[in-house]
1. So if each residue of separation counts as 0.36 nm, and I subtract the Cα-Cα distance between residue 252 and residue 122, what length gain in nm does that give?
2. Can you list the residues of the stretch 291-318 with backbone N under 20 Å from a point 7 Å past the Cα of residue 388, pointing along Cα to Cβ?
3. How far apart, in nanometres, would the label points at residue 168 and residue 57 be if each is projected 7 angstrom from Cα along the Cα-to-Cβ direction?
4. Using just the Cα positions, wrap the stretch 72-226 in a convex hull and report its mean projected area in square nanometres, one decimal place.
5. How many times 2.2 N^0.38 Å is the alpha carbon radius of gyration of the stretch 175-251?
6. Could you tell me how far the Cα centroid of the stretch 164-214 sits from the Cα centroid of the stretch 268-327, in Å?
7. Using r as the Cβ-Cβ distance of residue 201 and residue 159, and R0 as 22 Å, what FRET efficiency do you calculate, to the nearest 0.05?
8. Apply the Karplus curve 6.51 cos²θ - 1.76 cosθ + 1.60, θ = phi - 60°, to the phi angles in the stretch 135-140 and return the couplings in whole Hz, x for Gly and Pro.
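Read-outs throughout are calculated quantities, based only on the coordinates presented, and are distinct from any laboratory measurement. Here the structure is a predicted model, which is why all the values come from computation and not from measurement. Here Cβ is always computed from backbone atoms with ideal geometry, including for glycine, and neighbour counts include all displayed protein chains.
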Amino acid sequence: MSDKPRLNQKTFKLIAAAAGAVALVVLLVGVFGLSPMALFTKDNQPASAAPRYFIHDEASFLAAAKPYNVEPTQSPELAFEIQLPPEWTVETAAPTETDFGKRIISEIARLTGPYVSIYRPQVIVQTIALKHDIAAESWLRHHILSNSFILQGDITAISKRRASAAFTYIDGNDVILVQSVVQFSGANAVLARYEIPLAFKDALGFVQRRAIESFKLITLVDTPVEEQKPFTLADMVKFSYPQSWTASSPDLRDMNRINIQLYHQSSARVYQGYLHVFVVKRRPETDLHQEFQRLRDFVTDHMKLDVVSLHKSDKAPANPRFNLSRLESYAVKSQANPNAAQQEITLAALGNSNIYVFALMLSPDPARDLYSWGRNQRTLELIVQSIE
């Protein structure tokens, strides 16, 4: 009989099981490139798809980024420049229909970066013809909400003709984070969108934001969208207003207190904006507090509206010759139908030693009709700026 120790059946099964486990580990290492420890440690979590990126602050951006000057085939007048990392490719849209960018927003250029992990970041530049004067902030908010994008934070109004915002949308199984900026030039809105997966925000968020900040049109046309029609009110006041608005005949029964109405309607002839302009010649007995009371009476007795709350109060964008210059917005509700949606009245009050000018703009609530509200606010600003 041999002196060698014998393995009982139970021990043999344990050894066989262990050998099988080792073989499985070896197989997994070969197929997936895993280390044996990685299979058994608590730290074995899926790796983030977003790697570290070489541009992460202002210094690294300035050192690596370069300007890309692009002249779109469809719209050479909308040539632009943007600062991006090296080795991005540029494509411009090929000529298509004659109403390109007129009725719907259309792509004019696309810039695509090198792979970062499994994704290639891209910048999409689009344009659409504007129909009406509107602040860029209002246009961008309307664009985001009407396309069911999800706004991230708030919109930054850089000027009346430039605004930026971040938003997200769903693309298949991915959540896409977009940093955007819109710039108006004449009657064109140009929208630049830098898009990355939301999972890449930590890695690419800085260069994404910084590149969009650098976007600019080579040539800017700083003129109103609509033709402005001049109007003189009994040799007391001159101003201009957009041609899409209709002016009624002025009330000249009292030459010391004259007024005019302007409005615009939808295609269904529904009023979407109503403006009443009062011009009061100052006399020794003219009292500003009494004039404000007249305005309150006009709102409650003539317009049949009750004031609910004050939204904002600020300086009006008026000619410096007016020492009184205020702009205030109020939520109002109908006296006849208190349950109806609230509306908004914006009052511009101007004054100097000779006259007072009061402009009352009635608009839909922005939560109900953001575009008409934004259009009306910008129209009032342009009219106030033009008053001489």
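1. Values: separation 130, 0.36 × 130 = 46.80 nm, distance 5.96 nm.
Full extension of this stretch gives 40.8 nm more.
2. 317-318
3. If labels sit at residue 168 and residue 57, their model points lie 2.8 nm apart.
4. Values: hull surface 36.7 nm².
Projected area, direction-averaged: 9.2 nm².
5. Numbers: Rg = 21.0 Å, N = 77, 2.2 N^0.38 = 11.5 Å.
Normalised by 2.2 N^0.38 Å, the Cα Rg of the stretch 175-251 equals 1.83.
6. 40
7. Values: r = 27 Å, r/R0 = 1.24.
For residue 201 and residue 159, the calculated efficiency is 0.20.
8. 5, 4, 4, 5, 4, 5
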